[in-house]
Every structure is written in structure tokens, then in C-alpha cells.
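Any read-out appearing in this document is the output of simple, stated calculations on the displayed coordinates, not a laboratory observation. Keep in mind it's a predicted model, so treat the numbers as computed, not measured. Cβ placement follows ideal geometry from the backbone for every residue including glycine, while neighbour counts extend to all protein chains displayed.
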Amino acid sequence: MKVHLNGRLIDERDAHISVLDRGFLFGDGVYEVVRFFARHGVGLDAHATRLARSLSLARIDTARHGFDPHALGELCASLLEANALEDAIVYLQVTRGAARSRSHVPTEPLAPTVFAMATPAPPLSTLVAAQEISAITAEDTRWTRCEIKTTALLGNILHLLEAADSGAAESILHRGGVVGEGAYSNVAIATRGVLATPPIDEDPPILHGTARADLLRAARAAGIPSEVRTITLDELTGADEVMITSSSRLVSAVVRLDGRAVGDAKCGPLTARLFAAMRADIAAASAARTDAVPA
């Protein structure tokens, strides 16, 4: 497999990162994950914008070292080409870099470490319906800067381990009864035909999910009433439908929550409509890209 490391495409066996890299020692870095179908990057511009925002908020300066987060598309394209991949997941992370010694505050200017890899993923044809999952709810014990897509994911992992212990695939997190997001996803509910999802810039802060934005766009296109507002834990547990969004699965239906059925314990009609609309948008964009490529 060919990987990207600091501006070069090299074999993964030749890719070496210092043990003093702050990503290794402190989890001091940010990341992005982009899903590609037929080499069409879903929400690619939004991912690039979010990467630039995460870098800025984390105070990691890449401009002096030749990495432009808005060139994410070109980097991804080179990885897909080098690995002869059409359907893939591209993972990219940028750390603050490696210092000469372990110090909480760097004592010298550092060159960020930029790493990316592409791995095969199922084609769009395999996504035929919204996935049905079980979830739990939990008080959010992570840090409060969730709008930064940081590589330090121990808090998320602990919540997911707790979910796995209960036979669930996701943990929907709240702070004092106010719903934020899932451990790896954004959250939405449907009640009496109206879609609602928490705001991204209020308390509790949540990740600016690209699939969340796609969900809201699909709702508008389909004429489904939608709201961006605070959602309480009571509303979540009493909703007609609960759904999560992620780049890999678009939108999934939460059919069991804390061991109890959500609705009639199967994917609800609104979730099914939104999944179909989001999938159709990707199919159209992929077809347009294919048509634009010279024979």
C-alpha cells in the first residue's frame, strides 16, 4: 500500500515517524476521514473546510511547511490513483510534529507531520438501506472542545466500549440531559414528521459533521420539515425515530435505545426517505464525475 507522508507517496513499509512525534506522545493532532464512491469524495469541500478549522483551533500551523488543507482533494486523488482504488476511505491526520524532547509546551518551532492512507471500502451498490443499530445513552465524559476533530479519542473509545458491553454499536451522549452527539456520529430525531438535530455551535459543542449537513440538505430537498435546536434526553427517548449520521453509512436508524424499542423497532419512514435521498445525491455526483472524465 502506498501512503502519503509529509508530501511524498511511499510504500507503507518505508513510512517512518519519530517516537517523539507529539501525535504519539500526546494525541496532539487532528484528522479527517473522507468516503469515496467511484472516486467521488462525499462532502470533500466540507471535509477540507473542517480540517482547516480544526488546524486553526488546535493552533497547528501548516502553511509554512507546504501543506494546504484546502488541497485535501488533490492529496486524496493521488492516493487513490497510487493504490488503484475506486471505492475507498481516506484517513488523514496532521500532528504538531516531533520535538527533540518530550515537553508539554513545545520549546521550538515544529514541522507538522502529515500522514494519509487510503483503504478499500464497499461500493455504493452495497448500501441499499439504512443500517439498523442499537445504542445506549450516557453522560458525556469527554472534553468540551468537540468541534475540533482531534486524534485524542480515548474519551470516545471508552464510551464505545461501554456501548459494546451492552451489545450496542453507539453511545449517544448528553451533558446534564441535553443531547449532543454520538461517540462517533451526529444524532437526529424525528417526531410527528419533523426532523430535529442539535446545533453545532452551542453548549454542548459537537462536531461539525459533514453527513449531518448532508442530512439537513436532503431533508430540505425532500420537503421534510427540519429544525436545528436543543434536544433533551427526554425528547430523545420519546422520539418516533432516532438516527445517527456518519460518512461511512450516511444515516443509520437507531431501533433500540438503552434496551428499549424505538418506535416499532425497525427503520422508520423518515429515516428511510432521508437515506434514499442522500444515496441518490451521491449516485448522481458519482455519475457526473464519471461523465466528466475523458475516455
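Taking segment 167-185 only, how many residues are of a type outside the set (Asp, Glu), farther than 18 Å from residue 31 by Cα and surrounded by 15 or more Cβ atoms within 10 Å (Cβ to Cβ)?
Just the residues of segment 167-185 that are of a type outside the set (Asp, Glu), to begin with: 167-169, 171-180, 182-185.
From the residues that got through so far, the ones that are farther than 18 Å from residue 31 by Cα too are 167-169, 171-180.
Retained after the next criterion (residues that are surrounded by 15 or more Cβ atoms within 10 Å (Cβ to Cβ)): 168-169, 171-175, 178-180.
Residues flagged as of a type outside the set (Asp, Glu), farther than 18 Å from residue 31 by Cα and surrounded by 15 or more Cβ atoms within 10 Å (Cβ to Cβ) within segment 167-185 amount to 10.
Please tell me if residue 113 is surrounded by 13 or more Cβ atoms within 10 Å (Cβ to Cβ) and within 30 Å of residue 266 (Cα to Cα). Walk me through how you get there before you give the answer.
Working: surrounded by 13 or more Cβ atoms within 10 Å (Cβ to Cβ): yes; within 30 Å of residue 266 (Cα to Cα): no.
So residue 113 does not fit the description; no.
Report whether or not residue 205 is free of Cβ contacts under 8 Å to residues at least 40 places away in the same chain and either within 29 Å of residue 30 (Cα to Cα) or of a type outside the set (Ser, Thr, Tyr) (or both).
On the way: free of Cβ contacts under 8 Å to residues at least 40 places away in the same chain: no; either within 29 Å of residue 30 (Cα to Cα) or of a type outside the set (Ser, Thr, Tyr) (or both): yes.
The answer is no for residue 205.
Output yes when any residue across segment 125-148 is within 16 Å of the chain's Cα centre (by Cα), within 29 Å of residue 9 (Cβ to Cβ) and not in a loop (DSSP other than H, G, I, E, B), and no when none is.
Let us first name the residues in segment 125-148 that are within 16 Å of the chain's Cα centre (by Cα), namely 145-148.
Remaining after also requiring within 29 Å of residue 9 (Cβ to Cβ): 148.
Then keep just the ones that are not in a loop (DSSP other than H, G, I, E, B); that gives none.
Scanning segment 125-148, I find no residue that is within 16 Å of the chain's Cα centre (by Cα), within 29 Å of residue 9 (Cβ to Cβ) and not in a loop (DSSP other than H, G, I, E, B), so the answer is no.
Name every residue in segment 47-61 that is surrounded by fewer than 20 Cβ atoms within 10 Å (Cβ to Cβ) and in contact with a helix residue (DSSP H, G or I) (Cβ under 6 Å, 6 or more places away or on another chain), in order of residue number.
Correct list: 52 only.
Please state which one of 188, 253 is under 22 Å from residue 50 (Cα atoms), crowded, with 22+ Cβ neighbours inside 10 Å, touching a strand residue (DSSP E or B) at 6+ places or on another chain (Cβ under 6 Å) and hydrophobic (A, V, I, L, M, F, W, C).
Details: 253 fails: under 22 Å from residue 50 (Cα atoms).
The conditions single out 188.
Pick from segment 196-235 the residues that are among the small types (Gly, Ala, Ser) and not in a helix (DSSP H, G or I): which of them is surrounded by the fewest Cβ atoms within 10 Å (Cβ to Cβ)? Show your work before the answer.
First pass over segment 196-235, keeping only residues among the small types (Gly, Ala, Ser): 196, 209, 211, 213, 218-219, 221-223, 226.
In the following step, the residues that additionally are not in a helix (DSSP H, G or I) were identified as 196, 209, 223, 226.
Working: 196: 20, 209: 24, 223: 7, 226: 19.
Out of the qualifying residues, it is 223.
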